[in-house]
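So the structure is just underneath, and the comments pick up after that.
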Amino acid sequence: MDAADRFTAPLDTPADERLAYVISGVAAGNPGKPAILADAGAPHRRSISYADLVGSIARLEQRLNEEHPRGVIARVRRPESLVVIAAACGRQGTPVAFLADDSLALTHDLREWVEVDDALAVPSVPPAARWPEGMEVAVPHVTVATSGTAGPPKLIRHSWESVLAAARLASQWHGLSWLMVYDATRWAGIQVWAQALLTGGTLVIPASRDPDTVAKALVEEGVSMLPATPTLLRRLLTSADPALLERNALTRITLGGEAADAALLERAHEVFPRATITQVYATTELGEVYRVADGKPGFPAAWIGTRLQSGATLMVRRDGELFVRVSRDAVDAGTGDLVERQDDRYVFTGRRTDAIIVGGAKVFPKRVEEVIREVPGVAEARVFGVPSSVTGELVAAEITLAPPADSDAVKAAMKSTVLSYCRQVLEAQSVPRMLEIVDTIATTTAGKTPRRP
Amino acid sequence: MPQDVEKAVAEAIQAVLHDTGREVKQVGTEMLLAADLGLDSLDLAQTVVLLERALGKDPFREASASRTVRTVGDLAAVYKQALASSGGVAN
């Protein structure tokens, strides 16, 4: 690693200017260094250097400076366009919105903002829609759409300070390559590209979410850092070519967004033996609460009631819900996550809102999924409730098989095996009453397992 | 049509027996759902979901007072009545 790879912004650089500052700094020392490897794992892979980004950022900044739009809506397909728009708008103090595919209709909140697409051209802005001459934008900000797992997507306005708050800037994080399996326009995705580019690293974006393409991108680009949800990691582990994965160079996996179970953590350790596996627990409202890297599910029971590094204190209410106290005078915040004591750990049993109510009894899909996945031959499982006029809801499940089966006889036998194993291990109301073998299980836009039909 | 409903009811019950790892027996109209076939409320719930898929109708969704469903024939009658009142099998 040379000096140029170690470039970062001084801590007093304002948050909104930090991206442009670091990108220029890295380009000055090492212009050809790849910032983004797009469509990785496919023949049409593209490499975008730090110098390429600097050129585009400068052109966009000039146009923003001439037109003074009230804000910029990024309507882009290419990740490099997103980075250029973020960096240019940040340094020019122009508010910016990143809209994912399902939130393009929400622009009515952003009246008089201009749209910038992959051509990075800023349309002429009529005088009435400009920022008044000489007037500073109060706080430059970033608008991001929520993933819509808990209702329709909403636009949320964040400060640059909060967008970049979680980025790790110490020198051990510099010049690494990061695999992007998240949507680059959403919070989790923005965190990954901001982290990679603020530390002079390389962002590797697979051409698709297909497990073999992701695995190829991972191996061919020598990726060392993998941030993912447990669902996306599990898909890679169960569905990608094992011979390909064997050649990986991962040194760190950071899991977030969902709770990871013991089986997944063990399997990940087998396939990625050199990688440290960190589980991050964060909420939209509170940000990062803790991270744990001991390879076990949940967190140490001794943490309850003690102040953690993040400043937060964890508490468990009598009904099992995890609460977080951020400061002495703040109201304790319910997380909606239910935990259960197992020896010296607290492990996650499910989200309160995920519970399926079968004849008055609560069934937590996460536990049922874990049991189903114990059956050899099952790759992935998704458990959810379907309405029933007799018991309120019934447990339904979708599974994928590894290797996939074409024959109906094999499928029927697998179904019987799964159901009979569930009957041995689970209470009667938790055994799936609808079980379907599918080719793929859909994930949410945030890369999680959906819990509704 | 009535034969079809009885056949659908019998098939749904047999599917439930099969899925739950029990012996799949012949299902007769006079058989008691609980005592003869061993169906509990979860089994019935599954049967009703399967029948909704097969017949396009869930008569138990509409609140109805004092409906006694003890035998396979009672269950089939509920579906026949519901289908008749809605003018046939909905698609």
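The values are calculated or read from the model by the stated rules, or taken from the named source; none is laboratory data. What you are looking at is a predicted structure, and each value in this text was computed from that prediction instead of being measured. Note: ideal-geometry Cβ built from the backbone for every residue, glycine included; neighbour counts use all protein chains shown. For the accessible areas, the whole protein counts, side chains as well, though only heavy atoms, and no ligand, DNA or RNA atoms are used. Shrake-Rupley method; radii C 1.70, N 1.55, O 1.52, S 1.80 Å.
Please go through region A:117-130 and pick out each residue that is surrounded by fewer than 14 Cβ atoms within 10 Å (Cβ to Cβ) and over 13 Å from A:VAL76 (Cβ atoms).
Within region A:117-130, the subset surrounded by fewer than 14 Cβ atoms within 10 Å (Cβ to Cβ) is A:119, A:121, A:123-124, A:126-128.
If the condition is that a residue be surrounded by fewer than 14 Cβ atoms within 10 Å (Cβ to Cβ) and over 13 Å from A:VAL76 (Cβ atoms), then A:PRO123, A:SER124, A:PRO126, A:PRO127, A:ALA128 are the ones that fit.
Going through region A:220-239 one residue at a time, which ones are part of a helix (DSSP H, G or I) and open to solvent by 20 Å² or more (accessible area, probe 1.4 Å)? Lay out the reasoning, then the answer.
The initial filter retains those residues of region A:220-239 that are part of a helix (DSSP H, G or I), namely A:220, A:230-239.
Scanning region A:220-239 gives A:GLU220, A:LEU232, A:ARG234, A:ARG235, A:THR238, A:SER239.
With the condition kept exactly as written, say whether any residue in region A:412-420 is in the same structural domain as A:GLY377 (by TED's automatic domain parsing), closer than 19 Å to A:ALA361 by Cα and not in a strand (DSSP E or B). Outline the logic, then answer.
Just the residues of region A:412-420 that are in the same structural domain as A:GLY377 (by TED's automatic domain parsing), to begin with: A:412-420.
After this cut, where a residue has to be closer than 19 Å to A:ALA361 by Cα as well, the list is none.
The answer is no; no qualifying residue exists.
Got at least one residue in region A:203-213 being within 14 Å of A:PHE272 (Cβ to Cβ) and either touching a Lys or Arg at 6+ places or on another chain (Cβ under 8 Å) or at pLDDT 95 or above (or both)? Let's see the steps before the verdict.
Filtering region A:203-213 down to residues within 14 Å of A:PHE272 (Cβ to Cβ) leaves none.
So far as region A:203-213 goes, no, none of its residues is within 14 Å of A:PHE272 (Cβ to Cβ) and either touching a Lys or Arg at 6+ places or on another chain (Cβ under 8 Å) or at pLDDT 95 or above (or both).
Checking the condition within 24 Å of A:GLY200 (Cβ to Cβ), assigned by TED's automatic domain parsing to the domain that holds A:VAL144 and either open to solvent by 10 Å² or more (accessible area, probe 1.4 Å) or out of contact with any helix residue (DSSP H, G or I) (no Cβ under 7 Å at 6 or more places or on another chain) (or both), which residue from A:VAL54, A:VAL96, A:VAL114 passes? Spell out how you get there, then give the answer.
Details: A:VAL96 fails: either open to solvent by 10 Å² or more (accessible area, probe 1.4 Å) or out of contact with any helix residue (DSSP H, G or I) (no Cβ under 7 Å at 6 or more places or on another chain) (or both); A:VAL114 fails: within 24 Å of A:GLY200 (Cβ to Cβ).
From the options A:VAL54, A:VAL96, A:VAL114, the qualifying one is A:VAL54.
Of the numbered conditions (1) over 25 Å from A:SER159 (Cα atoms); (2) open to solvent by 60 Å² or more (accessible area, probe 1.4 Å); (3) charged (D, E, K, R), A:ASP261 satisfies every one except a single condition; which is it?
With respect to (1) over 25 Å from A:SER159 (Cα atoms); (2) open to solvent by 60 Å² or more (accessible area, probe 1.4 Å); (3) charged (D, E, K, R), A:ASP261 is out only on (2).
Being touching a helix residue (DSSP H, G or I) at 6+ places or on another chain (Cβ under 8 Å), open to solvent by 20 Å² or more (accessible area, probe 1.4 Å) and either within 14 Å of chain B (Cβ to nearest Cβ) or closer than 15 Å to A:THR231 by Cα (or both) is the filter here, so list the residues in region A:352-383 that pass it.
Correct list: A:GLY359, A:ALA361, A:LYS366, A:ARG367, A:GLU370, A:ARG373.
Here's a check for you: in region B:28-83, which residue that is at the interface with chain A (Cβ under 9 Å from one of its Cβ atoms), part of a helix (DSSP H, G or I) and not aliphatic (A, V, I, L, M) is farthest from A:GLY385 (Cα to Cα)? Give the steps one after another, and end with the answer.
Step one: list which residues in region B:28-83 are at the interface with chain A (Cβ under 9 Å from one of its Cβ atoms), which gives B:40-50, B:52, B:58-62.
Adding the requirement that they be part of a helix (DSSP H, G or I) leaves B:41-50, B:52, B:59-61.
Keeping just the survivors that are not aliphatic (A, V, I, L, M) gives B:41, B:43, B:46-47, B:52, B:59-61.
Numbers: B:SER41: 16, B:ASP43: 16, B:GLN46: 12, B:THR47: 16, B:GLU52: 16, B:PRO59: 20, B:PHE60: 18, B:ARG61: 17 Å.
This residue is B:PRO59.
Of the residues A:VAL316, A:VAL339, only one is in contact with a strand residue (DSSP E or B) (Cβ under 7 Å, 6 or more places away or on another chain) and open to solvent by less than 30 Å² (accessible area, probe 1.4 Å); which? Explain how you work it out, then say what you get.
Details: A:VAL316 fails: open to solvent by less than 30 Å² (accessible area, probe 1.4 Å).
Result: A:VAL339 is the single residue among A:VAL316, A:VAL339 that is in contact with a strand residue (DSSP E or B) (Cβ under 7 Å, 6 or more places away or on another chain) and open to solvent by less than 30 Å² (accessible area, probe 1.4 Å).
Within region A:324-351, can you find the residues that are under 23 Å from the mean Cα position of the chain (by Cα) and over 14 Å from A:THR313 (Cα atoms)?
Correct list: A:GLY336, A:ASP337, A:LEU338, A:VAL339, A:VAL347, A:PHE348, A:THR349, A:GLY350, A:ARG351.
Name the pairs: first residue in region A:411-434 and within 10 Å of another protein chain (Cβ to nearest Cβ), second residue of a type in the set (S, T, N, Q), Cβ to Cβ under 6 Å, at least 6 apart or on different chains?
Going by the 6 Å Cβ cut-off, the qualifying pairs are A:ARG433/B:GLN46.
Just checking, does region A:436-445 include any residue being within 14 Å of chain B (Cβ to nearest Cβ), buried (at least 17 other Cβ atoms within 10 Å of the Cβ) and either over 28 Å from A:GLY257 (Cβ atoms) or over 28 Å from the mean Cα position of the chain (by Cα) (or both)? Give the steps one after another, and end with the answer.
Going through region A:436-445, the residues within 14 Å of chain B (Cβ to nearest Cβ) turn out to be A:436-437.
Still in the running and buried (at least 17 other Cβ atoms within 10 Å of the Cβ): A:437.
In the following step, the residues that additionally are either over 28 Å from A:GLY257 (Cβ atoms) or over 28 Å from the mean Cα position of the chain (by Cα) (or both) were identified as none.
For region A:436-445, residues within 14 Å of chain B (Cβ to nearest Cβ), buried (at least 17 other Cβ atoms within 10 Å of the Cβ) and either over 28 Å from A:GLY257 (Cβ atoms) or over 28 Å from the mean Cα position of the chain (by Cα) (or both): absent.
Here are some residues: A:THR231, A:THR254. Which one is touching a strand residue (DSSP E or B) at 6+ places or on another chain (Cβ under 9 Å), farther than 18 Å from A:ALA35 by Cβ, touching a residue at least 40 places away in the same chain (Cβ under 8 Å) and outside the structural domain of A:SER81 (by TED's automatic domain parsing)?
Values: A:THR254 fails: touching a residue at least 40 places away in the same chain (Cβ under 8 Å).
Selected residue: A:THR231, the only one of A:THR231, A:THR254 that is touching a strand residue (DSSP E or B) at 6+ places or on another chain (Cβ under 9 Å), farther than 18 Å from A:ALA35 by Cβ, touching a residue at least 40 places away in the same chain (Cβ under 8 Å) and outside the structural domain of A:SER81 (by TED's automatic domain parsing).
So, restricting to strands (runs of 3 or more DSSP E) that lie completely within region A:327-403, which ones have at least 1 residues that are among the hydroxyl-bearing types (Ser, Thr, Tyr)?
Working: elements: A:333-342, A:345-351, A:356-358, A:361-363, A:378-388, A:392-401.
Filter on region A:327-403 gives A:333-342, A:345-351, A:378-388, A:392-401.
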